[in-house]
Every structure is written in C-alpha cells, then in structure tokens.
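Enquirer: The structure is given below, and queries will be raised subsequently.
The values are calculated or read from the model by the stated rules, or taken from the named source; none is laboratory data. Here the structure is a predicted model, which is why all the values come from computation and not from measurement. Quick reminder, even Gly has a Cβ in these numbers, built from the backbone with ideal geometry, and neighbours come from all protein chains shown. We work out accessible area using only protein heavy atoms, side chains counted, and drop any ligands, DNA or RNA first. Shrake-Rupley method; radii C 1.70, N 1.55, O 1.52, S 1.80 Å.
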Amino acid sequence: MCSRGAVGFWVEGGEIRGGSATQNVPRNFFLATVRPYQNFELRVKLRLTGTGFVNSGVQIRSVRVPNSTEMSGYQVDYGPGWYGKLYDESRRNRVIADSADPKAVQAAIKEGEWNEYRIRAEGPRIRSWINGVPALDYTEAEPDIAQDGRIGVQVHGGGVARVEVKEVFIEELSPTPNAPTWEKLGGY
C-alpha cells in the first residue's frame, strides 16, 4: 500500500486505486490476495485511465516473485489492445490466448468508465467475460502449470496510468483432485 498520490495501491472512497493520474508509473505493481485460490469465479469492476502505455490486468493462479514487485502466473489482461487476452506474466512471458471475437469484446468496452470482468477458473480451463460479452476461453494443455495461486490486480509501468477496482466478489468452486499446484511443482 502507499499514501494517496504516490505510485502504488491505496483505498479511497470505497475503491482500491493503483498507479498515478499525474506521474509515470516506473514499473509494474500488483496488489494480491494473501491466500491462494484454485477453482473460483471472480466478478470485479475495473476502470482504467491515463496517458501513454495504459494497461492493467487481473492476475489469477499467480505467486509473488521474490525480491520483486512482479507476480508470476496468468494475467487476464485489461487495457486498450489487450482486452480479452491471457498473458503468462513472468513465466512464459507471452500472450497464450486471445479472444475468439476481439471486435465484439472491444465493442463491449466503455473506455475510461467502469467495466465488469467475470473470470472463471475451473481445472485447466479459464474463461472470462467483459460486460457480459465472452472474452476468453482457454484450456491449459501443459501438465506442469499450477492451477492455484493468488488473485491480484496489476497497474502496468510505462505510462501515466490509474486503475480503480470495486465490487470484488470471489466464489470458490470445488477443487480439482490432484491438480498441479505451485507447491507440488516447486515454484516460488
């Protein structure tokens, strides 16, 4: 957490806010749950504003990278040119899935306003919806990718960017028997 006006995360007016409306965000920052989740459905409202490279995302099934502000794991991306994509942050370091209909996803986005993300992770399958429009449907094919971890919000470095978060609801679903976990795989 940080004080109001500084780059990082803080709570104001019943919302979680991250980044800065006046300063360049020097690197990625993440605010994450304390405990891990395996299978779940998450609903969250996000608003992203700024200039330059403006990007955010919701980390799922992720862990903190030691001695860093980074997290490692799946990121359900959120930002112009990135909506509906699944990026593997600090692990494979690439987009691993894109929306089947990026035009429909983009049409659903209200730039600079509140948008609702619904994310469902169940076994190896990850799905998302933005404002009710299907944005992502991905099934992990690699057997040694963890199906548990923290849930977090990112504010990406490289621009004057602010992400605001509200109305966060997490519904835990039944665990997948014998699912690979960060602990079993010897991860962070």
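Enquirer: Pairs on different chains or at least eight residues apart, Cα atoms closer than 27 Å: how many lysine pairs in the chain fit?
Expert: Lysine pairs meeting both conditions in the chain amount to 9.
Enquirer: With each run of n ≥ 4 DSSP H residues scored as -39500 (n - 2.57), what mean residue ellipticity at 222 nm is computed for the chain after dividing by its residue count and rounding to the nearest 500 deg cm²/dmol?
Expert: That calculation yields -1000 deg cm²/dmol at 222 nm.
Enquirer: Using each residue's phi in region 27-43, evaluate 6.51 cos²θ - 1.76 cosθ + 1.60 at θ = phi - 60° and report the 3J(HN,Hα) Karplus result to the nearest Hz, with x for Gly and Pro.
Expert: With the stated coefficients, region 27-43 comes to 7, 5, 10, 9, 10, 9, 4, 7, 10, x, 10, 9, 9, 6, 10, 10, 10 Hz.
Enquirer: For the chain, what is the accessible area per residue in Å², given a 1.4 Å probe and the full set of protein chains? Before the final figure, lay out the partial values.
Expert: Numbers: 8780 Å² over 188 residues.
Ligands and nucleic acids excluded, the figure is 47 Å² per residue.
Enquirer: If you don't mind, another one. From the phi angles alone, apply the Karplus equation (6.51, -1.76, 1.60; θ = phi - 60°) to region 101-117 and give each ³J(HN,Hα) in whole Hz, x where the residue is Gly or Pro.
Expert: Along region 101-117, the couplings run 9, x, 5, 5, 5, 4, 5, 7, 6, 10, 4, x, 10, 6, 10, 9, 9 Hz.
Enquirer: Here's a follow-up. What percent do you get for the relative contact order of the chain when only Cα pairs under 8 Å and 6+ apart count? Before the final figure, lay out each step's value.
Expert: On the way: 485 pairs, mean separation 63.9, N = 188.
Taking the mean separation of contacting Cα pairs over the length of the chain, I get 34 percent.
Enquirer: So if I take the alpha carbon set of the chain, get Rg, then get Rh from the Kirkwood formula, what is the Rg over Rh ratio?
Expert: Rounded to two decimals, Rg over Rh is 0.94.
Enquirer: Residues in region 74-107, backbone N under 19 Å from the label point at Thr139 (7 Å along the Cα-to-beta-carbon vector): list them, ranges by number please.
Expert: The answer is 86, 96-101, whose backbone nitrogens lie closer than 19 Å to the label point.
Enquirer: Right, something else. Cα gyration tensor of region 102-188, axes a ≥ b ≥ c as square roots of the eigenvalues: rounded (a/c below 1.5), prolate (a/b > b/c) or oblate? Working shown, then result.
Expert: Working: a/c = 2.08, a/b = 1.62, b/c = 1.28.
It is prolate, given that a/c is not under 1.5 and a/b is the larger ratio.
Enquirer: Here is a follow-up. Using all Cα-Cα distances in region 27-127, what percent lands in each 5 angstrom bin from 0 up to the longest?
Expert: Taking every Cα pair in region 27-127, the percentages come to 2, 11, 22, 26, 21, 13, 4, 1.
Enquirer: Also, I was wondering about something else. Would you check the accessible area of Lys85, probe 1.4 Å, heavy atoms only, in square angstrom rounded to 10?
Expert: Per-residue accessible area (Lys85): approximately 50 Å².
Enquirer: Express the carbon and sulfur contribution to the solvent-accessible surface of region 21-117 as a percent, rounded to the nearest whole number, probe 1.4 angstrom.
Expert: Numbers: 2190 of 4240 Å².
The computed percentage sits at 52.
Enquirer: Further question: To the nearest 0.05, what FRET efficiency results for Glu15 and Glu122 with a Förster distance of 25 Å applied to their C-beta separation? Walk me through the numbers on the way to the answer.
Expert: Details: r = 28 Å, r/R0 = 1.14.
Efficiency, from the Cβ-Cβ distance: 0.30.
Enquirer: Net charge near Pro124, counting Lys/Arg +1 and Asp/Glu -1 over other residues with Cβ under 10 Å of its Cβ?
Expert: Once all neighbours under 10 Å are counted, the net charge is -2.
Enquirer: Find how many whole Å separate the alpha carbon centroid of region 116-146 from the alpha carbon centroid of region 157-188.
Expert: The two parts, judged by their Cα centres, are 12 Å apart.
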